[in-house]
1. Taking amide H positions as placed in the peptide plane 1.01 Å from N, state which residues far from LEU38 in sequence (5 or more) or on other chains have amide H under 5 Å from it.
2. To test your reading of the geometry: what angle, between 0 and 90 degrees and rounded to tens, separates the Cα axis of helix 86-104 from the longest principal axis of the chain?
3. Considering the options VAL63, PRO15, VAL40, tell which one lies farthest towards the positive end of the dipole of the chain, charges being +1 on Lys and Arg and -1 on Asp and Glu at the Cβ, about the Cα centre.
4. Please work out the average accessible area per residue across the chain, using the 1.4 Å probe convention, and give it in Å².
5. For the chain, with all protein chains present and a 1.4 Å probe, just round the carbon and sulfur fraction of the accessible area to a whole percent.
6. Could you sort the peptides 10-17, 52-59, 41-48 by per-residue average Cβ neighbour count (10 Å cutoff), highest mean leading?
7. Need the list of lysines near LYS25 for cross-linking: C-alpha distance under 27 angstrom, and skip anything on the same chain fewer than eight residues off.
8. Normalised by the residues of the chain, what does the relative contact order come to in percent, with Cα pairs under 8 Å and at least six apart?
Amino acid sequence: MSDTEKKKQKFRASPKWKKFRKELKKNQKVDPITGSKLTVRAVCHHRDLNPDNYEKVSEERQVMLNPMSHDLIHYVYGDGNKFYDWRERIQRLIEQCEEMDRFNKKYPD
């Protein structure tokens, strides 16, 4: 484990982080990607991937996401070590969903 990961892990064990995460989840309630209720397994996602800013906590920098939404956003955007052309990935996702629509709308509602 890298020094950066050790530092992050230590911060996530801190009372400051635990209190912030609990309050954020209490106030947020809904996953902003799916619109569904946050589950007990919801994670606090860091929008700012700069390791120097990891310990800066605010409702602007972090958001609660259900696990699949969290995985999705990192799959589309990147993880801080590798970044992707997220607009291109989203466009390809839209195209695939449109193709699925083309097939699945043949079935009655």
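The values are calculated or read from the model by the stated rules, or taken from the named source; none is laboratory data. Remember, predicted model here, so these are calculated numbers, not experimental data. Cβ: placed from backbone, ideal geometry, glycine included. Neighbour counts: every protein chain shown. Accessible surface areas use protein heavy atoms only, side chains included; no ligands, DNA or RNA. Shrake-Rupley method; radii C 1.70, N 1.55, O 1.52, S 1.80 Å.
1. For LEU38, whose amide H was placed from the backbone, the distant partners under 5 Å are VAL30, ASP31.
2. Once rounded, the angle reads 40 degrees.
3. Checked the options; the winner is PRO15.
4. Details: 8700 Å² over 109 residues.
Accessible surface, normalised per residue, equals 80 Å².
5. Numbers: 4630 of 8700 Å².
Its accessible area is 53 percent carbon and sulfur atoms.
6. Taking the mean over residues of other Cβ atoms within 10 Å, the ranking is 41-48, 52-59, 10-17.
7. Result set, ordered by chain and number: LYS6, LYS7, LYS8, LYS10, LYS16, LYS37, LYS56.
8. Numbers: 76 pairs, mean separation 21.6, N = 109.
Relative contact order comes out at 20 percent.
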